[in-house]
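Read through the structure below, which is laid out as structure tokens, and then see the notes.
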Amino acid sequence: MSQILDVNMEIAGNRCRLSQRAGRTCDQPISFLMQQAVANPDMISLAAGLADQSCLPVEVFRNTLRPLLDDSDRARIALQYGTTQGDMRLRRLLVKHLEHLEGIPACEMALEAERMVVTTGSQQALQLVGDALIDPGDIVLVGAPDYFVYLGTLETLGAEIVGVAMDEEGMLVDALEDTFSELQRKGDLPRVKMVYCDSYYQNPTGVTLHESRRPAILDTVKRWSREGKIYLLEDAAYRELCYEGSCPRSIRSYDDDSTVILAQSFSKSLSPGLKLGYVVLPPELVDPVVGLKGNHDFGSSNLSQQILAQMLESGAVVEHAAELRQAYQRKQMAMLNALGENMPNLPIPSRWVRPTGGLYVWLCFPEGIDTTRSGPLYRECLNQGVLYVPGEFCFPPEGNQWVDHPLGCAQNTLRLTFGALPEDRVEQGVQRLAAAVRGCCT
Ligand SMILES: Cc1ncc(COP(=O)(O)O)c(C=O)c1O
């Protein structure tokens, strides 16, 4: 697993005293996976959730940047520092963008530019919310499995992370209720500060929280907020990558503006290089989050913000997302078809969740197949030249043992992605994975 830092390591005979926070910080598993892909160029990485290089909107950026730089006054503003909370024109355009995504007028959702903070990717929004709410020993409930980078962030903050069971329609409302009851029975309810929910095409499972569960999850969190307020952090990073059916309203759209914190990103739907996201906060959290952001960077890149504002205004963001959806849908089909062709013929049965958007497919094997990084399947995959993310990275320490659970457990699951590869490489990658599974059975 990941490496824990020694906070008192010796360097040239001198004791280097790192903070407790640094000591709680592990190597992100994705760094190791990237390293393996770079070290072996023939390797097909079905692990790294990168954007498709060929779909990045170079022309759209060129057409936006040129006029911006040609206008010296606007260019000078863009090249100067901005404000910590984010450019007001951009925040107003973000309100409009969210209105468009939700299909509900902003005034009916208490959605105002004053409640928004523009962040350096949505990862910073998640980090800032964690910084604002979590002290060591506080409890955060997450899906089991869930987005492993944020699990790492929460570990650094010293949170106790408790997994809540999920199925193909997202977090189970009954399981959330049972988890709260159990925490109350143990006297731990006052330590619960937050529920984290990656609500669209979740990383790692591709699962979307079903429309009917959205108000129910919110209601459960509100009901259990009786020994101190519990927030629901909704991560909607993949929201705009919907390929099939309709995309549900956010959990926040059901809220009375008191409980849900909504984090969104332009990394998936536009460009990760722009590195911009935003968070919509209940009123009492705006000042704390802006204050903490001041410590981080006193404002995300103003140049990026001016570019994004221009692209939102011209409609380029929405247009590009529509094109991207078509390209990713083809790749997703390539992966699902390849799984359908290659996996059923194997001596070991497997099942996978069929996503309707996002970048990931989640594969579950029966108990006998060990998908962990130290297990035989991972080794055999390296021999065959294919990489996946072992499911073990995505499960919190508590809530990873449900072997017959619809989404499997830490030891027998894995995440695949089709984002960065052309369709033929996606197919070849799945063939190599199937060959590795066969290799493990002989
Ligand atoms: C579920 C989820 N949330 C948030 C992020 C953060 O992305 P960014 O900081 O680029 O917006 C990612 C990145 O992969 C993600 O998968």
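For the reader, a short list of remarks on this structure follows.
- Search result, residues across segment 247-261 that are in a loop (DSSP other than H, G, I, E, B), closer than 18 Å to Glu177 by Cα and within 16 Å of the ligand (Cβ to nearest atom): Ile251
- Selection within segment 237-246 - in contact with a helix residue (DSSP H, G or I) (Cβ under 8 Å, 6 or more places away or on another chain) and part of a loop (DSSP other than H, G, I, E, B): Ala237, Arg239, Glu240, Leu241, Tyr243, Glu244
This table checks each residue for (1) in contact with a Lys or Arg (Cβ under 8 Å, 6 or more places away or on another chain); (2) of a type in the set (A, V, I, L, M); (3) free of Cβ contacts under 8 Å to residues at least 60 places away in the same chain.
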residue: Ile348; (1), (2), (3): no, yes, no
residue: Val361; (1), (2), (3): yes, yes, no
residue: Asn383; (1), (2), (3): no, no, yes
residue: Val389; (1), (2), (3): yes, yes, no
residue: Gly408; (1), (2), (3): no, no, yes
residue: Cys441; (1), (2), (3): no, no, no
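- Unique residue being touching a residue at least 60 places away in the same chain (Cβ under 8 Å) and within 15 Å of the ligand (Cβ to nearest atom) when the list is Ser122, Ser199: Ser122
- Test: residue in segment 271-284 that is away from the ligand (no atom under 13 Å from the Cβ), outside any loop (DSSP other than H, G, I, E, B), of a type in the set (A, V, I, L, M) and over 20 Å from the mean Cα position of the chain (by Cα): no
- Subset of segment 129-154 that is out of contact with any strand residue (DSSP E or B) (no Cβ under 7 Å at 6 or more places or on another chain) and farther than 13 Å from Asp198 by Cα - its residue that is nearest to the ligand (Cβ to nearest atom): Thr153
- Residues of segment 17-39 satisfying the condition of being more than 24 Å from Leu154 (Cα to Cα) and touching a strand residue (DSSP E or B) at 6+ places or on another chain (Cβ under 9 Å): Gln36, Ala37
- Applying the set (1) of a type in the set (D, E, K, R); (2) within 16 Å of the ligand (Cβ to nearest atom); (3) free of Cβ contacts under 8 Å to residues at least 12 places away in the same chain to Glu108 leaves exactly one unmet item: (2).
- Which listed residue, of Asp178, Asp146, Asp174, is charged (D, E, K, R) and either modelled with pLDDT under 95 or open to solvent by less than 20 Å² (accessible area, probe 1.4 Å) (or both): Asp146
- Failed item in (1) away from the ligand (no atom under 16 Å from the Cβ); (2) under 13 Å from the mean Cα position of the chain (by Cα), with Gly228 passing the rest: (2)
- Flag if Gln264 is assigned to a loop (DSSP other than H, G, I, E, B), touching a residue at least 60 places away in the same chain (Cβ under 8 Å) and either surrounded by fewer than 24 Cβ atoms within 10 Å (Cβ to Cβ) or not basic (Lys, Arg) (or both): no
- Set Ser19, Ser45, Ser72: member being hydroxyl-bearing (Ser, Thr, Tyr), in contact (Cβ under 8 Å) with a residue 12 or more places away in the chain and over 25 Å from Lys293 (Cβ atoms): Ser45
- Looking across segment 237-261 at every residue that is at pLDDT below 95 and of a type outside the set (Asp, Glu), the one that is least open to solvent (accessible area, probe 1.4 Å) is identified as Ser258.
- Exactly one residue out of Glu367, Glu398, Glu341, Glu423 is under 24 Å from the mean Cα position of the chain (by Cα), open to solvent by 10 Å² or more (accessible area, probe 1.4 Å) and farther than 22 Å from Ala48 by Cβ, and it is Glu398.
- No other residue among Asn412, Asn383 is open to solvent by less than 20 Å² (accessible area, probe 1.4 Å) and modelled with pLDDT under 95 apart from Asn412.
- Yes/no for Leu98 being more than 16 Å from the ligand (Cβ to nearest atom), of a type outside the set (Ser, Thr, Tyr) and within 15 Å of Leu276 (Cβ to Cβ): no
- Lone unmet requirement of (1) buried (at least 24 other Cβ atoms within 10 Å of the Cβ); (2) assigned to a helix (DSSP H, G or I) for Glu234: (2)
- Among residues of segment 168-196, those that are touching a helix residue (DSSP H, G or I) at 6+ places or on another chain (Cβ under 9 Å), over 14 Å from Trp224 (Cβ atoms) and more than 16 Å from the ligand (Cβ to nearest atom), counted: 2
The values are calculated or read from the model by the stated rules, or taken from the named source; none is laboratory data. Please read these numbers as outputs of a predicted model, since none were measured by experiment. No Cβ is skipped: glycine too gets one built from the backbone with ideal geometry, and neighbour counts run over all protein chains shown. SASA here: full protein model, heavy atoms, side chains in, ligands and nucleic acids out. Shrake-Rupley method; radii C 1.70, N 1.55, O 1.52, S 1.80 Å.
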